[in-house]
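Before I ask anything, here is the structure I am working with.
Please treat every number below as a calculation from the coordinates, not as lab data. Everything quoted here is computed from the prediction, not taken from an experiment. Positions of Cβ are generated from backbone atoms using ideal geometry, with glycine treated the same way; all protein chains shown enter the neighbour counts.
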Amino acid sequence: MEPAKQKIIIVDQNDEVVGFKERGATVKQDICRVSALWVTNSRGEILIAKRHRNKFHHPGTWGPAVAGTVEVGESYLDNIIKEAKEELGLENIKPEPGPKIKMGQHNDSFFLQWYTMTTDKKLSEFELQAEEVEGVDWISPEELEKQLKEQPEKFGPNMKRYFELFC
C-alpha cells in the first residue's frame, strides 16, 4: 500500500490558514508556508546545502542549510526542527526566530519564516538525508557573495535575496 501523502497548509495573503492540500496537488494561486534555517559558525561562515538533483524545485542548486514546507499539525518552528533533524541530523536545536517574508508574486508565492543558529560542527559530522541533500559546505560571506555574482546558476533563484537579508 502506498503511504498517504502529507498535507500542507494553505494560507491567504495575511498568512491565515484557509485550507489544506496534499503535497503536489497545489495550484499556482495557492500560498503555502515554508520554514528555513540560516546556519553560521563561530568563524562567521555560512552553511549552504546542495539540493538533490532529483528534487522538483531547483534541483542540484545550492541554498540555505535547511528548508521545508510546513505540514498540517506543524508550526513554522516545529517544521524547522523536524527538517533540521531529517536533512542534517541536527538534534536538540533551539533556533532563534528571524524575519518572516512573503516570497513570490501573485502565483508561486509562499510565506518564509527564517530561523538562525550557530554551530561549529565539522562537515563530516552532519548526517545528510541522501534524497534531499547532496552535500553541505561552509563558505565565507565574501566567497558566497563572489560566487553569487560570478556563478548565479549554481544557486537557487532566491539565494541572493537570502544573502542580502542576513549579510
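From the list 163, 110, which one is closer than 21 Å to residue 35 by Cβ, aromatic (Phe, Trp, Tyr) and touching an Asp or Glu at 6+ places or on another chain (Cβ under 8 Å)?
Exactly one residue qualifies, and that residue is 163.
So which residues in segment 121-164 are under 14 Å from the mean Cα position of the chain (by Cα), among the aliphatic types (A, V, I, L, M) and over 21 Å from residue 90 (Cα atoms), if there are any at all?
159
Also: For the structure I just gave you, tell me whether residue 144 is assigned to a strand (DSSP E or B) and buried (at least 18 other Cβ atoms within 10 Å of the Cβ).
no
Continuing with the same structure: Restricting to segment 115-137, give me the number of residues that are closer than 20 Å to residue 44 by Cβ, polar (S, T, N, Q) and not in a strand (DSSP E or B).
1
Filter segment 58-117 down to the residues that are touching a Leu at 6+ places or on another chain (Cβ under 8 Å) and among the acidic types (Asp, Glu), then identify the one that is farthest from residue 129 (Cα to Cα).
Once the filter is applied, the top-ranked residue is 83.
Also: Give the residue that is farthest from the chain's Cα centre (by Cα), with candidates limited to residues of segment 66-107 that are loosely packed, with under 15 Cβ neighbours inside 10 Å and over 23 Å from residue 29 (Cα atoms).
If we take residues in segment 66-107 being loosely packed, with under 15 Cβ neighbours inside 10 Å and over 23 Å from residue 29 (Cα atoms), then 92 is farthest from the chain's Cα centre (by Cα).
Output the strands (runs of 3 or more DSSP E) that fall wholly within segment 1-114 and possess 2 or more residues being more than 15 Å from residue 136 (Cβ to Cβ) and touching a Cys at 6+ places or on another chain (Cβ under 8 Å), or say none.
By residue number, 7-11.
Might you check whether a residue that is exposed (fewer than 12 other Cβ atoms within 10 Å of the Cβ), of a type in the set (Lys, Arg) and in contact (Cβ under 8 Å) with a residue 12 or more places away in the chain occurs anywhere in segment 6-25?
No - not one qualifying residue is present in segment 6-25.
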